[in-house]
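**Student:** Attaching a single structure in structure tokens format; questions to follow.
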Amino acid sequence: MSTEAAEEKVVAKAQAGDQRAFGTLYSQYGRVIYSIIRHMIGNEETAADLAQETFIRAWRSLPRLQEPKAFGGWLRMIALNLTRDWVRADRPTEPLDGENDEEMARQWADDEAGPADRLRTSEQQRQVTEAVHRLNEDQRLVIVMHHLEGKPVAEIGRELGIPVGTVLSRLARGREALRIKLAPYVEE
Amino acid sequence: MDCAEILKILPDYTVGALEEHIAAHVRAHLAECESCRRELRALENTGALLGPMPAVDAPRDLWAAIQAQLEPRARRKPAWRVYWKPTVAVAAAAAILIAVLLAWPLMQAPVPLTPDLPVLATAEGTSYAEAQIAGAWDQPLADEASLALAMAVIEPENSGEMIQ
């Protein structure tokens, strides 16, 4: 049985009310969901709260999910919408802290001359996060999966059940929109 | 291709979404156009600005916190179990309504009392009912008491003779 088919079965069980199956889905997606939120808002505690809320909402809405194979994209959208709402409630993105942030900062430091270097201030990070949140849902999801998670376009297409050409097109339009919104950080 | 056309498809070029022969035109233009090369770098910088994000482990107790808040959910019933009760109720209500509608004219019409019922006359001057009762009287299994009672209702003055 393929990985996708196995996951569809687990999703179907969770839809029917099986909490153990939902736990299996958490094992698979908990880390990535937490990482996305953590990356976007820069605070461990809030990221944990939002990740928790993401899975609770997913559990409640799961019976209404039409395509079990689209679970991964659907779950990410719940997380991204919750993060967007949290950011838009006029709460500033918090500065980096803790061990994980040191890891992030080291990554930025590896690219001293590049644009990522400019992201060290929380204001710049907030601008990027806000720009991503302003994308339409389709573009936002693909941008997050490709640029933040580092997934190849073919894998994104498989996970979302859309052709590679559509993934590329959403990626291009999303990047075009971000380039305009983030002009001060990307223009030489 | 001029700059306006190139700029329009440059985002697609940066993500590798163009067909090879179009991408070749873009490459040729970029080799000679500093302005479009600057735009290409801005688009590439945008991608670099976004990530990749470092994957970090979620807190160890996160699943326990989630699980504590998962409400038990009733397993889904098959569609026929969900819908059969309302369906039966509706069918029963419809049947009662039809029965009432059919019976309504009968309930509204005045029911004539027995003495007013028309009695068919026979050629010999006796009524149809009298002829039937007289005919039945000679049958081996005739209920003479019932027949006499019927005759008494139709023709009270002659009924005494038949009973005797």
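Residues are listed down the side, and each one gets a yes or a no for (1) farther than 18 Å from residue A:145 by Cα; (2) in a helix (DSSP H, G or I); (3) of a type in the set (Phe, Trp, Tyr):
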site: A:10; (1), (2), (3): yes, yes, no
site: A:55; (1), (2), (3): yes, yes, yes
site: A:61; (1), (2), (3): yes, yes, no
site: A:70; (1), (2), (3): no, yes, no
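For (1) at the interface with chain A (Cβ under 7 Å from one of its Cβ atoms); (2) over 19 Å from residue A:151 (Cα atoms); (3) in a helix (DSSP H, G or I); (4) free of Cβ contacts under 8 Å to residues at least 60 places away in the same chain, each residue gets a yes or a no:
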residue: B:23; (1), (2), (3), (4): no, yes, yes, yes
residue: B:36; (1), (2), (3), (4): no, yes, yes, yes
residue: B:46; (1), (2), (3), (4): yes, no, yes, yes
residue: B:56; (1), (2), (3), (4): yes, no, no, yes
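**Student:** A follow-up question, please. Given the condition in a helix (DSSP H, G or I) and within 14 Å of the chain's Cα centre (by Cα), answer yes or no: does some residue in region A:181-188 qualify?
**Tutor:** Keep residues of region A:181-188 that are in a helix (DSSP H, G or I), which gives A:181, A:183-186.
Still in the running and within 14 Å of the chain's Cα centre (by Cα): none.
No, every residue in region A:181-188 fails to be in a helix (DSSP H, G or I) and within 14 Å of the chain's Cα centre (by Cα).
**Student:** Residue check, residue B:102 against (1) modelled with pLDDT under 85; (2) surrounded by fewer than 11 Cβ atoms within 10 Å (Cβ to Cβ); (3) more than 30 Å from residue A:49 (Cα to Cα), all met but one. Which one?
**Tutor:** The number of the failed condition is (1).
**Student:** Follow-up question, since we're still on this one. Across region A:1-57, which residue is nearest to residue B:55 (Cα to Cα) among those that are polar (S, T, N, Q) and within 16 Å of the chain's Cα centre (by Cα)?
**Tutor:** A:35
**Student:** Another question, then. For region A:155-168, indicate whether the set of residues that are within 13 Å of residue B:50 (Cα to Cα), out of contact with any Asp or Glu (no Cβ under 7 Å at 6 or more places or on another chain) and either within 9 Å of another protein chain (Cβ to nearest Cβ) or polar (S, T, N, Q) (or both) is non-empty.
**Tutor:** So far as region A:155-168 goes, no, none of its residues is within 13 Å of residue B:50 (Cα to Cα), out of contact with any Asp or Glu (no Cβ under 7 Å at 6 or more places or on another chain) and either within 9 Å of another protein chain (Cβ to nearest Cβ) or polar (S, T, N, Q) (or both).
**Student:** Which residue, of A:54, A:24, A:46, is out of contact with any helix residue (DSSP H, G or I) (no Cβ under 6 Å at 6 or more places or on another chain) and among the polar types (S, T, N, Q)?
**Tutor:** Answer to the check: A:46.
The values are calculated or read from the model by the stated rules, or taken from the named source; none is laboratory data. All of these numbers come straight from a predicted model, not from anything done at the bench. FYI the Cβ positions are ideal-geometry reconstructions off the backbone, even for glycines, and counts take in every protein chain you see.
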